[in-house]
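What follows is one structure encoded as structure tokens, with my remarks underneath.
The numbers here are math on the coordinates, done by the rules we state, and not lab data. Small disclaimer: the values here were computed from a predicted structure and weren't measured. Counting neighbours? That spans all protein chains shown, and the Cβs are built from the backbone with ideal geometry, glycine included.
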């Protein structure tokens, strides 16, 4: 199947709504009866869920957010003819997670959802990226730093494994978006104020 303009618009709208589902916000609201945006870093993601509700729920949120990225992306990219237009709904999926309509256009930083998207589009390169994340996390014990370095490594890894194609450009754009969303973390990293994970 090929994507026409109306189909791209429809799938982009659906993808944005799916991406906008604020998993961390819902979980912390149900478990702790609190707004996760008023806890810890205020970020609506797995790391702040760890601070707000513990490790189990942080893993749960991470897996759901990753599935939220993987399943729609896999469906779109395996249903329609490979071309630049198939990435438009996928980008809206990530944008929905970062700028959720259900949270007045605020949200997470896109790491877990981005990981799911990358697994759907470039699984081998993503495995290497995940290894880089684990290694960086083991050495520095800083989630944001690990996410930034891993995101930056993905386009490079994909380039060496596959080369330059539409997926390369897409991974570059998404990786850049994830890094930009960590701008406050980068400021804290440069000032030495970013918190480490102790456990």
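Here are a few things to note about the model shown:
- At 0.890 mPa s and 25 °C, Stokes diffusion of the chain via Kirkwood alpha-carbon radius, µm² per second: 144 µm²/s
- C-alpha center-to-center spacing [the range 129-165, the range 61-83] in angstrom: 20 Å
- The chain - percent relative contact order, Cα under 8 Å, separation 6 or more: 21 percent
- Adding -39500 (n - 2.57) for every DSSP H run of four residues or longer, then dividing by how many residues the chain holds, sets the calculated 222 nm ellipticity at -23500 deg cm²/dmol.
- Most tightly packed first, judged by the mean number of other beta-carbon atoms within 10 Å of their residues, the peptides 101-107, 91-97 read 91-97, 101-107.
- In terms of other Cβ atoms within 10 Å, 181, 66 run from fewest to most in the order 66, 181.
- Within the listed set 13, 62, 80, the residue fluctuating most in the Gaussian network model of the chain (springs between alpha-carbon atoms under 10 angstrom) is 80.
- Among 79, 167, 23, 49, sorting on how many other beta-carbon atoms sit within 10 Å of each Cβ, with the fewest leading, yields 79, 167, 23, 49.
- Cα gyration tensor shape of the range 44-131, rounded if a/c is under 1.5, else prolate or oblate by comparing a/b with b/c: oblate
- The listed peptides 117-123, 132-138, ordered by packing as a protection proxy, come out as 117-123, 132-138 (highest mean of other Cβ atoms within 10 Å first).
- When 139, 61 are sorted by how many other C-beta atoms sit within 10 angstrom of their C-beta, beginning with the fewest, the order is 139, 61.
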